[in-house]
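The values are calculated or read from the model by the stated rules, or taken from the named source; none is laboratory data. Just so you know, these numbers come straight off a predicted model, no measurement behind them. A quick note on method: Cβ atoms are made from the backbone with ideal geometry, for glycine too, and the neighbour counts reach across all protein chains shown.
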């Protein structure tokens with residue numbers, strides 16, 4: 001008769017993480033009974049300190065308490081009573097949310113009293129919402145490491161159709177390629193950025209061009225990350241897959257591509273000032 005070793009620990013099942021906002025009840029915690037005697041900024045800081053030790057947090061939303069007036073005795077003024085704060089904490093991993101609930105519910109003090117932590121069971125079903133640019137970088141750096149991935153600006157150029165319809169439109173289309181080091185994987189994303197030039201202020205063309213190009217780069221990075229799926233194993237290791245079913249987003253024809261300016265490969269974050277100066281220098285023909 002075989003026996004099971006009591007010291008063998010079963011690892012948690014792998015979890016899939018996509019570059020979208022977490023909105024499922026197993027990843028979102030509802031925090032209640034937070035003392036209303038503190039400032040909202042202080043409550044936010046204390047919640048960050050408490051929950052971020054359990055895993056990467058996508059967002060912490062603090063809701064202000066309602067203020068009620070307590071009836072006063074004759075000859076006295078009414079007393080303002082401040083209720084409790086409450087908050088929602090969103091994790092990328094369900095197991096991190098479960099650990100945070102177990103470790104903090106009824107055990108963590110804010111303003112001299114313990115907080116209650118439960119899973120948010122009444123989440124509304126919503127369409128998947130892509131992560132903002134900065135959150136994409138946070139998520140990639142956390143699970144892949146800062147040296148585990150790179151972004152390359154393949155091309156960027158002004159949309160010729162926009163110029164024909166509106167000569168004051170500064171609309172740029174950018175193609176970005178993300179490469180996952182160690183996995184021999186890459187995926188492309190397309191982004192569009194647009195600003196409108198005031199004819200009475202032509203001196204703003206350079207700054208508006210910079211802004212439009214920056215938006216295009218950021219949206220292209222966001223679009224590319226929509227195709228990346230991270231499989232986080234129970235031991236903390238990460239596997240990477242590319243979702244080929246997700247479209248590139250903005251489509252451009254061969255003619256549009258011919259009007260784009262090839263860009264030298266740039267490592268690191270695409271919103272660095274040096275990168276933007278290099279892009280602007282190559283856009284002088286426009």
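Things to note:
- Residue check for residue 150: assigned to a strand (DSSP E or B) and in contact with a strand residue (DSSP E or B) (Cβ under 8 Å, 6 or more places away or on another chain): yes
- Residue within the range 225-233 that is within 25 Å of residue 58 (Cβ to Cβ) and loosely packed, with under 15 Cβ neighbours inside 10 Å present: yes
- Checked against (1) within 26 Å of the chain's Cα centre (by Cα); (2) closer than 20 Å to residue 211 by Cβ, residue 130 meets all criteria but (2).
- Pairs, first free of Cβ contacts under 8 Å to residues at least 40 places away in the same chain in the range 105-133, second assigned to a strand (DSSP E or B), C-beta under 6 Å, six or more apart: 105/117; 106/114
- Qualifying residue in the range 190-207 (condition: within 21 Å of the chain's Cα centre (by Cα) and either within 30 Å of residue 93 (Cβ to Cβ) or at pLDDT 95 or above (or both)): yes
- Applying the criterion of being assigned to a helix (DSSP H, G or I) and in contact (Cβ under 8 Å) with a residue 12 or more places away in the chain to the residues of the range 190-209, the residue that is surrounded by the most Cβ atoms within 10 Å (Cβ to Cβ) is 209.
- As for the range 251-268, it holds no residue that is more than 21 Å from residue 180 (Cβ to Cβ), at pLDDT 50 or above and surrounded by fewer than 18 Cβ atoms within 10 Å (Cβ to Cβ).
- Every residue from the range 18-57 that is in contact (Cβ under 8 Å) with a residue 40 or more places away in the chain, touching a helix residue (DSSP H, G or I) at 6+ places or on another chain (Cβ under 7 Å) and farther than 18 Å from residue 121 by Cβ: 19, 34, 50, 51, 54, 55, 56
- Of the strands (runs of 3 or more DSSP E) entirely within the range 1-67, those holding at least 1 residues that are in contact with a strand residue (DSSP E or B) (Cβ under 8 Å, 6 or more places away or on another chain), exposed (fewer than 14 other Cβ atoms within 10 Å of the Cβ) and at pLDDT 95 or above occupy 15-18, 57-63.
- Lone unmet requirement of (1) free of Cβ contacts under 8 Å to residues at least 12 places away in the same chain; (2) within 26 Å of residue 202 (Cα to Cα); (3) touching a helix residue (DSSP H, G or I) at 6+ places or on another chain (Cβ under 9 Å) for residue 160: (1)
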